[in-house]
Amino acid sequence: MHVVTGEDIAELISEAADQVEELVRANPEAVIGIATGSTPEPLYAELTRRAGEGLDLSGLRITCLDEYIGLPAEHPQSYRHYIAEQILEPWGIDPAHTVLPEGDAADPDAAAAAFEDGITGLGGVDLQILGIGPNGHIAFNEPGSPADSRTRVVDLTAETREANSRFFDSIDEVPTQALTQGIGTILESRKAIMLAFGPGKAEAVAAMIDGPVDEAVPASALQDHPALEVFLDAAAASRLVSGDPRSTDAG
């Protein structure tokens, strides 16, 4: 695990984008795993800006971490809609070059298995973008998720539904279940980039980096990832035992 910290989020985003660009130039058909949510949006915006300056992202193959159960792809809060809006359209990627979970499938368990098989069919993920929840969750792997878990149906905790209710008209509209890549699936990505900003992530970041590998902190399993880059602003890094260095190795 390599940790980079700094005061300037824009600079951190630029450095993360440099790593994505390096992969794209080396392998224009690389498989990129997309994390949804607000934290990675500046990274996607920076890559879109670079695409406008000549970086060709159109050959990439795209997958993602998770999807709500029960929402159709066209629902504005479905993650398939997010990926179409934030990634496929601005980067010029053919939707046929995606492997995404079908949250509105009649058989969610079969959809989970098909999604896992689809990732394998792509040859695995070359670069996975990640975020971290305040309780240490990654994707929808909540505390207690086994480190060897695979893609599956999960029940969303009350805390997660409450946190995500800001994207819906009311908490009653927030789905109660989701499909998610398992921690074991995520660990098979060849490289991963995690972004975490703000004081609300500080405790989870410290537990992930400085604490033991513990199912109570799902992200701590990333200590075993073969190539993880973590980009933190000073606030998110504020509780690290190692303090707030500009760049450090951990794990």
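The values are calculated or read from the model by the stated rules, or taken from the named source; none is laboratory data. Bear in mind that the values here come from a model prediction, so they are computed numbers and not experimental data. Using ideal geometry, Cβ is built from the backbone for each residue, glycine included, and neighbour counts are taken over all protein chains shown. Only protein heavy atoms, including side chains, enter the accessible area calculation; ligands, DNA and RNA are left aside. Shrake-Rupley method; radii C 1.70, N 1.55, O 1.52, S 1.80 Å.
Some notes on this structure:
- Among residues of the range 186-226, those that are in a loop (DSSP other than H, G, I, E, B), under 24 Å from residue 117 (Cβ atoms) and not small (Gly, Ala, Ser), counted: 5
- Checked against the criterion of being over 24 Å from residue 212 (Cβ atoms), open to solvent by 40 Å² or more (accessible area, probe 1.4 Å) and under 16 Å from the mean Cα position of the chain (by Cα), the candidates 150, 161, 190 yield just one match: 190.
- When 69, 129 are checked against the criterion of being among the aliphatic types (A, V, I, L, M), buried (at least 20 other Cβ atoms within 10 Å of the Cβ) and within 23 Å of residue 29 (Cβ to Cβ), 129 stands alone in meeting it.
- Looking only at the range 227-247, and only at residues there that are at pLDDT 95 or above and outside any strand (DSSP E or B), the one that is surrounded by the fewest Cβ atoms within 10 Å (Cβ to Cβ): 227
- The set of residues in the range 26-66 that are in a loop (DSSP other than H, G, I, E, B), open to solvent by 50 Å² or more (accessible area, probe 1.4 Å) and under 27 Å from residue 150 (Cβ atoms) comprises 27, 29.
- Strands (runs of 3 or more DSSP E) (entirely within the range 123-185) containing at least 1 residues that are in contact with a Leu (Cβ under 8 Å, 6 or more places away or on another chain), at positive phi and not aliphatic (A, V, I, L, M): none
Residue by residue, here is whether (1) within 14 Å of the chain's Cα centre (by Cα); (2) open to solvent by less than 80 Å² (accessible area, probe 1.4 Å) holds:
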residue: 172; (1), (2): no, no
residue: 178; (1), (2): no, yes
residue: 181; (1), (2): yes, yes
residue: 195; (1), (2): yes, yes
residue: 208; (1), (2): no, yes
residue: 217; (1), (2): no, yes
